[in-house]
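Single-structure report; data block below.
The values are calculated or read from the model by the stated rules, or taken from the named source; none is laboratory data. These numbers were taken from a predicted model, which means no experiment stands behind them. No Cβ is skipped: glycine too gets one built from the backbone with ideal geometry, and neighbour counts run over all protein chains shown.
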């Protein structure tokens, strides 16, 4: 089993919205880019909502999100996993990221959106019990943008993800 680590958060101090995944997949880890798999719909959806199209350079896409008050990170800091699927994460190996520190550095975050079920479940299990004073933060699970979540159409995913845009 391979031990893998997530990326550093992409966040400005004045971020208002946090989008959380679980752990980057193999393609993303290889490219060193959030949502790097070409069939992941994350950047297509961010393109529709904020102009951060997958056709733009990665650094430009990140800058567009930052300018829109959006931060991105993952719930899991480190874990053991073969392959890219969330279901392959060895639950006992999970080390969560330090969200107490993150929220101290980003006090304006009022909305957290989970990119899929695993991100939400891991946050509720490993993070939420450790946090204090989250009553001002709205937590919302969105359908995963992963190509593994093919049972939901791109149109339905985009419709659900529009809630990120409405919280600006």
Within region 9-47, track down each residue that is under 19 Å from residue 95 (Cα atoms), out of contact with any strand residue (DSSP E or B) (no Cβ under 7 Å at 6 or more places or on another chain) and touching a residue at least 60 places away in the same chain (Cβ under 8 Å).
25
Of all helices (runs of 4 or more DSSP H) fully inside region 1-83, the set with 2 or more residues that are farther than 23 Å from residue 106 by Cα is 26-31, 42-50
Of the conditions (1) farther than 23 Å from residue 3 by Cα; (2) modelled with pLDDT of 95 or more, residue 120 fails just one. Which one is it?
(1)
Of the residues in region 132-145 that are at pLDDT 90 or above and touching a helix residue (DSSP H, G or I) at 6+ places or on another chain (Cβ under 9 Å), the one that is nearest to residue 120 (Cα to Cα) is 141
Would a scan of region 48-59 turn up a residue that is in contact with a strand residue (DSSP E or B) (Cβ under 6 Å, 6 or more places away or on another chain) and either surrounded by 15 or more Cβ atoms within 10 Å (Cβ to Cβ) or free of Cβ contacts under 8 Å to residues at least 24 places away in the same chain (or both)?
no
Conditions (1) touching a residue at least 60 places away in the same chain (Cβ under 8 Å); (2) closer than 25 Å to residue 162 by Cα -> residue 82 fails only (2)
